[in-house]
Amino acid sequence: MPKIFKYRKVTDKFTTHALREPDGKDSESRITELCTIGGDVYVCVPDGMELPEQPDVIRETLRSVDMTNATDLKQQLKRASPHAQRINQRVVDKIREKYSLDEELQMLRTGPTDESKAYFDYCEACVAWGRAEKTKLGL
């Protein structure tokens, strides 16, 4: 399971100090900056990845976030994260590939039919895909 960390970027006269990532070019094993809430930058660190030594100004604010019972925080992160918003849009796009908005409204008005069951099954598969993508981000 990926881990969520928060920290504060620090800007001095010459530099903006941010979290250091491990060396590597594999996009699957990169840290993802989720969003900034109240000055805290939230990042997702993939499972098994260790953060390298951090500058003192970053280490002072760097904290692991326990998401186990953090329902409110998780909702805030989902609302603020452009990554989560893009996943939500992709879910809608997947549904629109197969069903127009008018067809979707018709399914909701006509009641249970084989066609509406297929529609609901398809939508649930799209939503499940979106949930799985957000889980990869620790959300």
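Just so you know, all these numbers are worked out from the coordinates, no wet-lab data involved. Since the model is a prediction, treat every value here as computed from it, not as a measurement. No Cβ is skipped: glycine too gets one built from the backbone with ideal geometry, and neighbour counts run over all protein chains shown.
From helices alone, the chain scores -14500 deg cm²/dmol at 222 nm; the rule is -39500 (n - 2.57) for each run of n ≥ 4 DSSP H residues, then divide by the residue total. Spatially, segment 1-63 and segment 114-138 are offset by 31 Å when compared through their Cα centroids. Quick one: helix 101-110 against the long Cα principal axis of the chain, what's the angle to the nearest 10°, folded into 0 to 90? That works out to roughly 60 degrees.
Annotation: extensible slack from SER116 through ASP47 equals 20.9 nm (criterion: 0.36 nm per residue apart, minus Cα-Cα distance). Relative to the dominant Cα principal axis of the chain, helix 71-80 is inclined by about 90°. Would you please classify the overall shape of segment 3-76 from the alpha carbon gyration tensor, given that a ≥ b ≥ c denote the square roots of the eigenvalues, rounded means a/c under 1.5, and beyond that prolate means a/b larger than b/c while oblate covers the rest? Note, shape of segment 3-76 comes out oblate. Relative to the longest principal axis of the Cα atoms of the chain, helix 114-136 runs at roughly 0 degrees.
Positive-end ranking of LEU51, GLY38, TYR7 along the dipole of segment 3-76, with charges on Cβ about the Cα centre, is headed by GLY38.
Restricting the calculation to Cα atoms, every distinct pair contributes to the Kirkwood radius of segment 81-136, found to be 11.9 Å.
The mean of 1/r over all pairs of different alpha-carbon atoms in the chain, once inverted, gives a Kirkwood hydrodynamic radius of 17.4 Å.
Relative contact order of the chain: 29 percent, from C-alpha pairs under 8 Å at least 6 residues apart in sequence.
Structure note, pairs LYS74/LYS136; LYS9/LYS134; LYS6/LYS74; LYS3/LYS74; LYS6/LYS78: Cα-Cα distances above 18 angstrom occur for LYS9/LYS134. Highest mean packing comes first when the peptides 60-68, 35-43 are listed by Cβ atoms within 10 Å, giving 35-43, 60-68.
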